[in-house]
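One structure below.
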Protein chains: 2
Amino acid sequence: MAEAGVGETVASENWAGRLEIRSALDGRVVNGGVERYRQLSNKHLVPLETGTVGEDGIWLKVQTSQSRIEIAQAARTHVFLDGESVAANGGPILEPGYVAQTFACDVKAGSEVRIEKIVSLFTSRDRRVSESGLQARKSIERAARFDDLLQRHVVAWEHYWRRCDIEVADDERTQLILRLHVFHLLQTASLNTIDLDAGIPARGWHGEAYRGHILWDELFILPFLNLRLPDITRALIFYRYRRLPEARWAARQAGYRGAMYPWQSGSDGQEESQRLHLNPLSGRWIPDNSHLQRHINAAIAYNICQYCQATQDTEFLHFYGAEMLVEIARFWASIATYNAELDRYEILGVMGPDEYHDRYPDADEPGLNNNAYTNITAVWVLCHALEVLSRLPAERRRSLLENLHIEQHEIEHWDEISRKMRIVFHDDGIISQFEGYDQLEEFDWEGYRGKYGDIHRLDRILEAEGDTPNRYKASKQADVVMLFYLFSAGELRELFDRLGYPFEYDTIPKNISYYLQRTSHGSTLSRVVHSWVLARSDRARSWSLFRQALESDIADIQGGTTPEGIHLGAMAGTADLVQRGYTGIGVHDDVLWLNPLLPDDLGGLFLRLRFRKHWLEVRVSGDRLKVSTSEDAPGPMKLGFREEVCTLEPGDTREFAL
Amino acid sequence: MAEAGVGETVASENWAGRLEIRSALDGRVVNGGVERYRQLSNKHLVPLETGTVGEDGIWLKVQTSQSRIEIAQAARTHVFLDGESVAANGGPILEPGYVAQTFACDVKAGSEVRIEKIVSLFTSRDRRVSESGLQARKSIERAARFDDLLQRHVVAWEHYWRRCDIEVADDERTQLILRLHVFHLLQTASLNTIDLDAGIPARGWHGEAYRGHILWDELFILPFLNLRLPDITRALIFYRYRRLPEARWAARQAGYRGAMYPWQSGSDGQEESQRLHLNPLSGRWIPDNSHLQRHINAAIAYNICQYCQATQDTEFLHFYGAEMLVEIARFWASIATYNAELDRYEILGVMGPDEYHDRYPDADEPGLNNNAYTNITAVWVLCHALEVLSRLPAERRRSLLENLHIEQHEIEHWDEISRKMRIVFHDDGIISQFEGYDQLEEFDWEGYRGKYGDIHRLDRILEAEGDTPNRYKASKQADVVMLFYLFSAGELRELFDRLGYPFEYDTIPKNISYYLQRTSHGSTLSRVVHSWVLARSDRARSWSLFRQALESDIADIQGGTTPEGIHLGAMAGTADLVQRGYTGIGVHDDVLWLNPLLPDDLGGLFLRLRFRKHWLEVRVSGDRLKVSTSEDAPGPMKLGFREEVCTLEPGDTREFAL
């Protein structure tokens, strides 16, 4: 798809001798990055061709073994000894799936050896390509010198940083790690991936955990991009749109209607969740029911809504977005069953985000009933789909309803479900993570912490003991608490009112406190969520959780999971916590609302945001909030600060006292 | 990429006997549709695999020989004899690159045999696919029954017709052919091709002439789509954007800067114009210099501008559009040379649209100097690029200039060229098709018409006689006249004023008349252009040319070219002539201008148009023009009728007397 280069300089301080350099293209690589996968098939490339390009180039073509994607690389290596070009030693080394050139330099003390390698890579999936090998060879012959490529690289990154940087004052390590996170995010999804059919994998492209699968992590990733490079978000949602036919098929196979997106998926969008996983502590393979996490369908709908709010991209919403929303709403309506005794709808036999609970302690079958997070987000999807449908231009609504064979009674049914979904409570206002949660035993957190120290993977510890977390009020990660992460108090109150359930002033803090005590943070996402929901009520605790989330990968706090792949959800989630959490940014009724509250440890914050074709600069420092739009903004925009709404004309700057 | 089906019913009136049906997937097809190509290599598929799918399916996989694209098909055939299902005879017939099933029916007099065949087709270039064979087999197993597919097909086409129909009154044949043309256009580019990397080929996908190459025909095709399904236009321009790196390389290789798009291109965007072509009359292979038609670069820029005016898609303009415009402007600035004696810039050694002229009669080298169409459209590109640059938001302008290393002096140079480009005139106000055109001999039109009858391919006739059209004032198609097709009198006056050349009241009719007498219409596009430019000044002549253009393919007026592929430019061009020509639609300064003038033979016209997110209904009947917007329009829009501008609020209808 493009050229990349690397330039290295080796200087000899006081050594002399012969230095041999080998520059190779190696198609014999295996996937060996995750220890517990090593017994599985790990050779995915079949060698096809190797050869030379022009006078000084080499090339290699391999093919992925199952999907038959051809991947071609070509390389040109230049070696300079004290500025003098060194020719390669004779012809290249050609082996099946491997091609290399060697260079020899007679180095003197004080010598400098400069190695520049430029590689082009194309695949048979790339667009505007005739044949990948031809294109790779053509590209390397045309490639500029290393210095030119480097210069273009620097300019491209300068532009990314202008659009994506987060500047914080008075905290160098936080600053450093936030940039590391934004960097990794842009390594995974960027303007270069927009025209590829690429989703956003949970562990980046360089980590092998989850085998590159796409999960729900985009729920934590897209909101950052929405206000920076929304074209990337659009492409990532479109990746889901392309897989709508597969999601429709999955729903049909499971006996539902509409579209049921899979928990884990790859190229063709079918369910790829493992059915067994290895507990390294016990050495046992355990049934894995994580595919029952149907809530990913709410995450996808939520992302569509967030993207459209940030961009006002009505063309996308009316066409692709509306179709996805309607099909997901349909799925939720069809999975909900009516409980005549309660006059309530229920969702049975699913898993919530908390992966410690996949069934009732004594049940033969996996699945839990009325997971609060699932039921409430399903209601939100139904409401949102109804709203979008009602706002569609008549022409488009007509086409959509005809294409999908949707009739008025079906829409009315969605409305009914959205008013009668069941939520279970216990302990005077605690939202039960699922029906029957109150019957579980309290877990001996102190005892286990004493015995094992690190208990974030409590599931593995208990399984090795012959026990299961299914018996306990113990969560791997935020589940009920996710609701307070995704929705404002006002939005939740509206949803609860619609359902006829009480939503008290203290519902949120009470539930956070209840579940926080019962969570091991076995997912890196959990701390992001808990930090977010405590950002205003318990700033010290929030900051501490944020700092831990920030260290997830740079310090590999889970002890070994980072080499298996970065945790992109936590990386983007921490950046978004600063971007939207600390600034209080939210979009409602075409108003961009702000209500900053910085942690004590951050002296200030500066963001350059993209909001509905406006470039905004947001500066929070001490007791001031300053917001500016550019002179060339496309028109006025509405800005809300706490309770007040004002209009920002192009070029305006507004200051608010905090 | 999808499923398709065909259902046929065979009824026996009075015959009885055994009917054998063979349903095959045949990968042994050759490209044999164009007689004069048959001596060339015409087998492009390599067989890979054949097999069965489930109980009643067959499948086939082949690979294109050069580009190594894998193409997989799977099929399911159901045969019913008088409503009873007929099983296939044993296993399938398997041959390399061929797989078939046979069915035998004992037919009685009065029997009805129903054959339904459903085929799925996927390629290795398709998105959301793991492996094309797997996907084709999966897809055929999941495919609905024929009747369901048919129903979906009908709904999809109903939606297309709602968006794309042109209704004319009082002329059934014109109505029929216009719909045929719109149908073929939508067969070639549709919502289904948006997510493919597909350009729009001059002869459709089913014609083999030009070998599927992409030429400048989009100049005649996109304007129709801009006001109907602009998403398709966007995708087609994006096809060009993807090939910007190749166009940059082509410019560099030719010694120019910026991007130089090729005259004919295919998958990877490199120049694919033939260097020799066969004259079937003489049997000789003639050098072909059509790659010198650099004016395709103005066509691409013009299309970007037209698309953005119709849609106000500023995101596209600011990002992709601006980059292409600037690179094309750069090319024109670099190909222009300064003539110090005249203090004018010149473009030397190119070809205009008229393919009868590729060099001066006695010249060794091909190429003509100062082709008026090329020079004036180049000036227009420079002006438009300057304008877009000046209107870009500061952030984007900065990034673009940095990415492309554009400095102020380069921009100033474009401005200078745009004021000093040379246009050559002769005979008191005739714009010379190129410098030296006036030195050519007049052609004996009458003599040759008498001798040969059909002389639209005068080039072949003259070559067979040992002569060449380069010697004569004789054009294959519109060249200077193209200017009056693309630009309004006002726009041309502005360009001429900028260049310091006179533009008189009679410049347009004088030039049309001059060149129309000297044109053979050897391209189907020529009549579209001439009909368009005469639509107001000589309605009878215009109508006659329009009617001939309309018959191009349905009557194969060029005698044999239609079986080689439809002429998509003429098809879309005739539809656009009705859509924009007869209605006088144009967009300037955010106003949609209308000024209808129907040919006498058309009693009325009804169009449903998409303009900047508005759905408009335009009805012209007798002496009235009626324009309505929908109730749910996104806001007010400006409508211009002749000299007046009014505002249309959502739901408004305006009537004007003609």
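So here's what we get for this one:
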{"read-out": "Aspartates and glutamates with Cα under 12 Å of A:LYS138, excluding same-chain neighbours fewer than 8 positions away", "value": "A:GLU3, B:GLU246, B:ASP268"}
{"read-out": "Accessible surface ranking that places the most exposed of B:LEU648, A:LEU658 first, with a 1.4 angstrom probe", "value": "A:LEU658, B:LEU648"}
{"read-out": "Accessible area of B:GLU95 in the full protein assembly, 1.4 Å probe (Å², nearest 10)", "value": "70"}
{"read-out": "Partner lysines for B:LYS638 [C-alpha distance under 22 Å; skip if fewer than 8 residues away on the same chain]", "value": "B:LYS613, B:LYS626"}
{"read-out": "Radius, Kirkwood style, for segment A:548-655 when every pair of distinct Cα atoms is counted (Å)", "value": "15.4"}
{"read-out": "Computed accessible area, A:TYR338, all protein chains, 1.4 angstrom probe, square angstrom", "value": "110"}
{"read-out": "Cα-only radius of gyration and Dmax that characterise segment A:220-336, units Å", "value": "15.9, 53"}
{"read-out": "Solvent-accessible surface (1.4 angstrom probe) belonging to A:TRP59, in square angstrom, nearest 10", "value": "20"}
{"read-out": "Contact order relative to length of segment B:354-433, as percent, for alpha carbon pairs under 8 angstrom and 6 or more apart", "value": "38"}
{"read-out": "Sulfur and carbon atoms: percent of accessible area, segment B:509-592 [1.4 Å]", "value": "49"}
{"read-out": "Accessible surface, chain A, averaged per residue in Å² (probe 1.4 Å)", "value": "40"}
{"read-out": "At least 50 Å² of accessible area lost relative to the chain alone, listed for segment A:128-149 with a 1.4 Å probe", "value": "A:ARG128, A:SER130, A:ARG142"}
{"read-out": "Across the identical copies, how the B:THR337 labels are spaced - nm, sorted shortest first, 7 Å along Cα→Cβ", "value": "8.4"}
{"read-out": "Charge context of B:LEU605, other residues only, Cβ under 10 angstrom, K/R +1, D/E -1", "value": "0"}
{"read-out": "Overall dimensions of the protein assembly as shown as given by Cα atoms, namely Rg and Dmax in Å", "value": "33.8, 109"}
{"read-out": "Relative contact order (%) - chain A, alpha-carbon pairs under 8 angstrom, separation at least six", "value": "12"}
{"read-out": "Candidate aspartates and glutamates for bridging to A:LYS61, where Cα separation is under 14 Å - those fewer than 8 sequence places away on the same chain excluded", "value": "A:ASP26, A:GLU49, A:GLU70, A:GLU95, A:GLU131"}
{"read-out": "Cβ-vector label at 7 Å, A:ASP467, separations to other copies in nm", "value": "10.3"}
{"read-out": "Cut-off under 5 Å, modelled amide H: who pairs with A:TYR98 long-range", "value": "A:GLY27"}
{"read-out": "With every protein chain in place, segment B:125-215: carbon and sulfur % of accessible area (1.4 Å)", "value": "50"}
{"read-out": "Buried solvent-accessible surface, both chains (B, A), 1.4 Å probe, Å² to nearest 100", "value": "5200"}
{"read-out": "Relative contact order %, segment B:269-337, counting alpha carbon pairs below 8 Å whose residues are six or more apart", "value": "20"}
{"read-out": "Amide proton proximity set for A:GLY604, modelled H, under 5 Å, gap of 5+", "value": "A:ALA169"}
{"read-out": "Normalised per residue, the volume of the convex hull around the Cα set of chain A (Å³)", "value": "191"}
{"read-out": "Amide hydrogen neighbours beyond the local backbone of A:GLY5, cut-off 5 Å, H modeled", "value": "A:VAL119"}
{"read-out": "Residue-averaged 222 nm ellipticity for chain B, from DSSP H runs of 4+ at -39500 (n - 2.57), nearest 500", "value": "-11000 deg cm²/dmol"}
{"read-out": "Summed residue charge, Cβ within 12 Å of A:TYR515's Cβ, Lys/Arg positive, Asp/Glu negative", "value": "+1"}
{"read-out": "Rotation relating A and B, chain B residue nearest the axis via C-beta, angstrom", "value": "B:SER124, 3"}
{"read-out": "Where trypsin sites (Lys or Arg not before Pro) fall in DSSP loop in segment B:29-93, at most 12 other Cβ within 10 Å", "value": "B:ARG38, B:LYS43"}
{"read-out": "Net charge of Cβ neighbours under 10 Å - reference B:ILE214; Lys, Arg +1; Asp, Glu -1", "value": "-1"}
{"read-out": "Hz values of 3J(HN,Hα) by residue in segment B:50-62 - Karplus curve (6.51, -1.76, 1.60), Gly and Pro given as x", "value": "9, x, 10, 10, x, 8, 10, x, 10, 8, 8, 10, 10"}
{"read-out": "Ranked order, A:ILE300, B:ILE286 - accessible area, probe 1.4 Å, largest first", "value": "B:ILE286, A:ILE300"}
{"read-out": "Label spacing, shortest first and in nm, from B:SER282 to its equivalents in the remaining copies (7 angstrom along Cα→Cβ)", "value": "8.7"}
{"read-out": "C-alpha center-to-center spacing [segment A:263-299, segment A:583-640] in angstrom", "value": "39"}
{"read-out": "Solvent exposure, largest accessible area first (probe 1.4 Å, DNA, RNA and ligands not counted), of A:TRP543, A:TRP593", "value": "A:TRP593, A:TRP543"}
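The values are calculated or read from the model by the stated rules, or taken from the named source; none is laboratory data. Since this is a predicted model, take the numbers as computed values, not measurements. With ideal geometry, Cβ positions are generated from the backbone for all residues, glycine too; neighbour counts draw on all protein chains shown. Side chains are part of the model used for accessible areas, which takes the heavy atoms of the whole protein and leaves out ligands, DNA and RNA. Shrake-Rupley method; radii C 1.70, N 1.55, O 1.52, S 1.80 Å.
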